[in-house]
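Every read-out reported here was derived from the displayed coordinates using simple, explicitly stated rules and does not represent laboratory data. A quick note: this is a predicted structure, and the numbers were derived from the prediction, not measured. Neighbour counts are summed over all protein chains in view; Cβ atoms, including those assigned to glycine, are modelled from backbone coordinates with ideal geometry.
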Amino acid sequence: MTLAQALAAHHLEILGGFYPEPEDSAPPGTGTLLLVGPAEPGFWAHLTAQPEWRDGQRDPVDRWSERVLVNIASAHSATAIFPFGGPPYHPFYRWALRTGRIWESPVRLLVHEHQGLMVSFRGALALRDRIDLAPPAARPCDGCVAKPCLSACPVGALTNLGYDVPACHAYLDTGSDCLNEGCHPRRACPLSQGYARLAEQSAYHMRRFHGVD
């Protein structure tokens, strides 16, 4: 089974990769670093059927991610790395920008060539070998004339100046639809609207972020 097939069996996919330099803080001896995230449609239904989701313990998504990616890494002579478990934390944002498939959006959140502002990472795989990677793509935001993400936040918490986290939390305190359907700017992105991420998944992460679960 290829690496891509092993990931697909768990509704995961490679979102981009690069050949690390010493300053990238990848594990020593890494030839290729691959970022891994949910593959839709079907990711959330698959995850919520797993034992980690059903056992009543904390952090089911992270525990599932760790189990699955460690097993896949072991089968493919790789090392699994995760965006959780710190501090210190691995520089996933900087790694994403190195891929040529993920960029900083006008609201400074990451945007993926297919997933838009719904892009997220369950982990990364550090391979010893340098494998073939797709060539860099064009940043989709450069051809997006309307840029609806810039004006979508009802309280202006997400702009080209950055993220006003206190304003976001204050708005979530009002019981806004962001809490149950996901962040307005993320949903406003045209690429996000074409990506089959379920509102239930966005709600789970927003509620965790806001500290209500």
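Key figures for this structure:
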{"read-out": "Cα-based equivalent ellipsoid of the stretch 40-96: semi-axis lengths in Å, sorted from largest, via gyration tensor", "value": "21, 15, 13"}
{"read-out": "Förster radius 35 Å - calculated FRET efficiency between I131 and Q50 (Cβ-Cβ, nearest 0.05)", "value": "0.80"}
{"read-out": "All-pairs alpha carbon distance profile, the chain, 5 Å steps from 0, percent", "value": "1, 7, 14, 18, 20, 17, 13, 7, 3, 0, 0"}
{"read-out": "Helix 199-210 axis, angle to the chain major axis (alpha carbon atoms, nearest 10°)", "value": "80 degrees"}
{"read-out": "Among 188-198, 56-66, the order from most to least packed when residues are scored by Cβ within 10 Å on average", "value": "188-198, 56-66"}
{"read-out": "Computed E for N180/D59 - FRET, C-beta separation, R0 25 angstrom, nearest 0.05", "value": "0.75"}
{"read-out": "Ellipticity estimate at 222 nm from DSSP helix runs (n ≥ 4, -39,500 (n - 2.57)) divided over the chain, nearest 500", "value": "-8500 deg cm²/dmol"}
{"read-out": "Most to least packed among 155-163, 19-27 [average Cβ atoms within 10 Å]", "value": "155-163, 19-27"}
